[in-house]
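Scroll down for the structure; my scribbles are underneath it.
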Amino acid sequence: MKNAATMALAASALLLAAQAARAQFSNPMGGSMSMPSVPSLQAPSAPSIPSASSLPSIPSLSSMPSLSSASPGNIAGLLKYCVENNDLSGSNAAAAQTAENALVSQDNITNSDSGYAAGSDGELNAGAQGYNLGGNGAQSEVTQQVCNQVLSHAQSML
């Protein structure tokens, strides 16, 4: 933005200088001479900034559906997603893998289970409501919190 203002100021100064030179220019032989015209210069327009309403919304914990409405397969898939995407680490990642394996064994969950597949893609399916965990930045912090809640819920199911 500073460069655009500087360019506009310089263009205005050049235009004024050209007009002043034209006014002072005279032909030593008599008669009048014309100066070539100076093209008008315009400062480049500033880029548009999107409005807040056009930005994608970031899910919050308050908009997350109840984990108790999700199937065991969906919870197991979510645990897999959280570990693979490093939203759980260290001892929580190990606990999540243990809980995922236990749920898969306990409920005979396979890779073809639709809830497990959705959870593996980061989708919490709880009744009619859905919630997607994917994202970066601020949404990543929410995802980490959701993953911790999913882990706690999975451990309570065992």
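Please treat every number below as a calculation from the coordinates, not as lab data. A quick note: this is a predicted structure, and the numbers were derived from the prediction, not measured. Neighbour counts run over all protein chains shown; Cβ positions are idealised from the backbone, glycine included.
If only one of Asn132, Asn111, Asn148 is surrounded by fewer than 20 Cβ atoms within 10 Å (Cβ to Cβ), free of Cβ contacts under 8 Å to residues at least 40 places away in the same chain and either over 10 Å from Ala76 (Cα atoms) or in contact with a helix residue (DSSP H, G or I) (Cβ under 8 Å, 6 or more places away or on another chain) (or both), which one is it?
So the residue among Asn132, Asn111, Asn148 that is surrounded by fewer than 20 Cβ atoms within 10 Å (Cβ to Cβ), free of Cβ contacts under 8 Å to residues at least 40 places away in the same chain and either over 10 Å from Ala76 (Cα atoms) or in contact with a helix residue (DSSP H, G or I) (Cβ under 8 Å, 6 or more places away or on another chain) (or both) is Asn111.
Which one of these does Ser105 not meet: (1) surrounded by fewer than 15 Cβ atoms within 10 Å (Cβ to Cβ); (2) in contact with a strand residue (DSSP E or B) (Cβ under 7 Å, 6 or more places away or on another chain)?
(2)
Which one is farthest from Val146 (Cα to Cα), of the residues in segment 113-133 that are part of a helix (DSSP H, G or I) and of a type in the set (Ser, Thr, Tyr)?
Ser114
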